[in-house]
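The values are calculated or read from the model by the stated rules, or taken from the named source; none is laboratory data. These numbers were taken from a predicted model, which means no experiment stands behind them. Please note: Cβ atoms are built from the backbone with ideal geometry, for glycine as well, and neighbour counts cover all protein chains shown.
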Amino acid sequence: MTATEKKNVSVPEEQVSNAEDVIKNATQETVVSDEKAPEESEDVLESVNFADEDAELAASAPEFDLGEVAEGEEESGKSPLEDLNSKSKSELVELFAELLENKPVQMLRHDVEAIKVAFYKLHRADVDQQKKNFVKEGGNAEEFVAPYDNDEIRLKEYFAIYRKKREDYMADLAHVKEENLKVKLGIIEELKALVNSTETMNNTFTAFRELQQRWKETGVVPQANVKEVWETYNLYVENFYNYIKINKELRDLDLQRNYEQKVQLCEVAEGLAAETSIVAAFRKLQDLHEQWRETGPVANEYKEQIWERFKEASSRINKQHQEYFENIKEDQKHNLELKAELCVQAEQLSEEVLTSRKEWNKASEKLIEIQKVWKTIGFAPKKDNAKIYERFRNACDKFFEVKRSFYENIKSEMDHNLQLKNEICEAAEALMDSEQWKKTTEELIALQKRWKEIGPVARRYSDVVWKRFRAACDHFFERKAGHFAGVDAEHDENLAKKNALLAEMAEADVKAGGFELIKSYQKRWNEIGFVPMKAKDGLQKKYKEVLDAMFATLRSGEKDRNIERYRNRISTMKSSGDKKLKFEREKLYNKLKQLELDVATLENNIGFFSKSKNAESMIQDVRAKIEKTKVEMAELIEKINMIDAQE
């Protein structure tokens, strides 16, 4: 355009701001200005995806970068595919291949992103499990290298095909834009020629309308040429209205039609305030601005009024859009603070020194609750989200690694305990058929005590080994109970026999039978077996009393005979001389004194025995000896008196 041409062209009615300024960084509002012409833009608001965090990490892989959304291509949003979580990795790859074959590349963006996220969620889980198995088998976690995944290789191959198709599509789109630029430049040249046309007004105006329609139907041009081309076109449109002597009635009709269209655009823009999705309302507003730019001028008296109305409606949507993303940023900052606190709690749990299964179970429940809370919290800011997630994941992994090590040690200890208990079972089984009842009972009780001192074994062996040990013990004690059940009957029978023998002994003529009779009763008593334990002491005491009475009766008769024999003896000694008699008396007297000393010693010992553990039985024995000694002393005194009577 020449300087003269620019000088003779009036200022256009209104111009819409650059769409690039509107969409840039997904937060800036649409700025409307009368000083800048609109520019078309390929920039699109970045979508906010609140997917699973593992999937988000997978989606960040540089080799799978989908790039910015191009014109004509789907914008980021929810994939129309069915739920992908139920598919395996190989099924996801097959689905990718099918879509590449049957669906236009510009319609695949949602699907590719969804397949990628679902695939790497499964892939990450597989790699984590392989790493855990590697460490469990004794490997070093830092030396772990994930094996090749054929499905991942195929996925990357198909992604390369998709990216090539997309690049071809973008190249074709760029070519189309260049062709559109040529068409629009041609339309501008036709507008310039139309101003100097000599045709009738009706034909000129019809040609003008046709040029406008062709302009609208022509697609976008390269970004670098958008502003200049639109300004040039708009100048020549204004030039046509201002310098071509068209029929005023037709001009007014055209201006009125433009006014009605712009009123309708204002109403639609004002209605966007009720839109539930702020992002959707913002995108629709960009479409309305595009339509506004393509709509012709209005009468001067309505120009400012209608523009201010449209600009006010746009400002409301822009403000809501900006506040929406500012709120998201604030929420993400708050989420980062919450997640950092959960990381601290998880790290503290992983550092605690736990020494029992009860403590570990309690700590595990706490960590699981922390993980549940984590899942309820949204994303942190994009630059921090992966870092905070890795921090939390590392704390959890460390906790469960230490827990695994603890339970491996517990397992080793339980295996040792199982070995010890199996050895006790073998010892009990070796004793269970023994007939040494008392000794075996003591040994089995000792084994039971050792069993209680040994720690627990694994649950799957606990019942088995316990039942084995108990079966051996029960087998012995059942045999013992059966044996002593017959013994008790025999003891009752022996008790009856001994009671009958005692009655017989009490009626016996001991003087006639003499000592041999007593010996025969003692033999018969000993030949009768054991009696019940509870009757043993009483029966033995009664037996001793009867036996003592028999001996006392026997001794009384024997004593009389001995005394008579001794009287005859000392008579013989006297006839032989007083010297022998005197010697006999001295011998008896010395023996009497010795017995008196013995009695005094025994009586003194009773005081010491009272402090002993078995004092009662020992005291009874000493007293019996004292009584026996005193009887002997009485006999000596009687013999001494007999000697003294002979003098």
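Sort through GLY514, GLY538 and tell me the only one that's under 24 Å from GLU635 (Cβ atoms) and either touching a helix residue (DSSP H, G or I) at 6+ places or on another chain (Cβ under 9 Å) or not hydrophobic (A, V, I, L, M, F, W, C) (or both). Let's see the steps before the verdict.
Values: GLY538 fails: under 24 Å from GLU635 (Cβ atoms).
The conditions single out GLY514.
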- Message: Out of ASN335, ASN417, ASN361, I need the residue that is surrounded by fewer than 16 Cβ atoms within 10 Å (Cβ to Cβ), part of a helix (DSSP H, G or I) and not charged (D, E, K, R). Which one?
- Response: ASN361
- Query: Can you tell me which residue in segment 215-245 is modelled with the lowest pLDDT, limited to those that are surrounded by fewer than 16 Cβ atoms within 10 Å (Cβ to Cβ) and not in a helix (DSSP H, G or I)?
  - Reply: LYS245
- Message: Looking at (1) within 29 Å of GLU231 (Cα to Cα); (2) in contact with a helix residue (DSSP H, G or I) (Cβ under 7 Å, 6 or more places away or on another chain), which one does PHE325 not meet, given that it meets all the others?
- Response: (1)
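Just wondering, is there one or more residues in segment 124-135 that are farther than 30 Å from ASN234 by Cβ, among the aromatic types (Phe, Trp, Tyr), modelled with pLDDT of 90 or more and assigned to a helix (DSSP H, G or I)?
Taking segment 124-135 as the starting set, the residues that turn out to be farther than 30 Å from ASN234 by Cβ are 124-135.
The next check asks that each one be among the aromatic types (Phe, Trp, Tyr); those that pass are 134.
Applying the additional criterion that residues be modelled with pLDDT of 90 or more yields none.
So far as segment 124-135 goes, no, none of its residues is farther than 30 Å from ASN234 by Cβ, among the aromatic types (Phe, Trp, Tyr), modelled with pLDDT of 90 or more and assigned to a helix (DSSP H, G or I).
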- Message: I need a count of the residues in segment 512-531 that are modelled with pLDDT of 80 or more, aromatic (Phe, Trp, Tyr) and in a helix (DSSP H, G or I).
- Response: 2
- Would you be able to tell me the number of residues in segment 510-521 that are of a type outside the set (Phe, Trp, Tyr) and surrounded by 14 or more Cβ atoms within 10 Å (Cβ to Cβ)? 4
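For LEU431, are the conditions met, namely being more than 30 Å from ASP128 (Cβ to Cβ) and buried (at least 16 other Cβ atoms within 10 Å of the Cβ)? It would help to see each step written out before you state the result.
Numbers: more than 30 Å from ASP128 (Cβ to Cβ): yes; buried (at least 16 other Cβ atoms within 10 Å of the Cβ): yes.
Yes; evaluated as a whole, the condition is true for this residue.
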- Message: I'm trying to understand the selection: among the residues of segment 420-460, which are in a helix (DSSP H, G or I) and among the polar types (S, T, N, Q)?
- Response: ASN422, THR440, THR441, GLN448
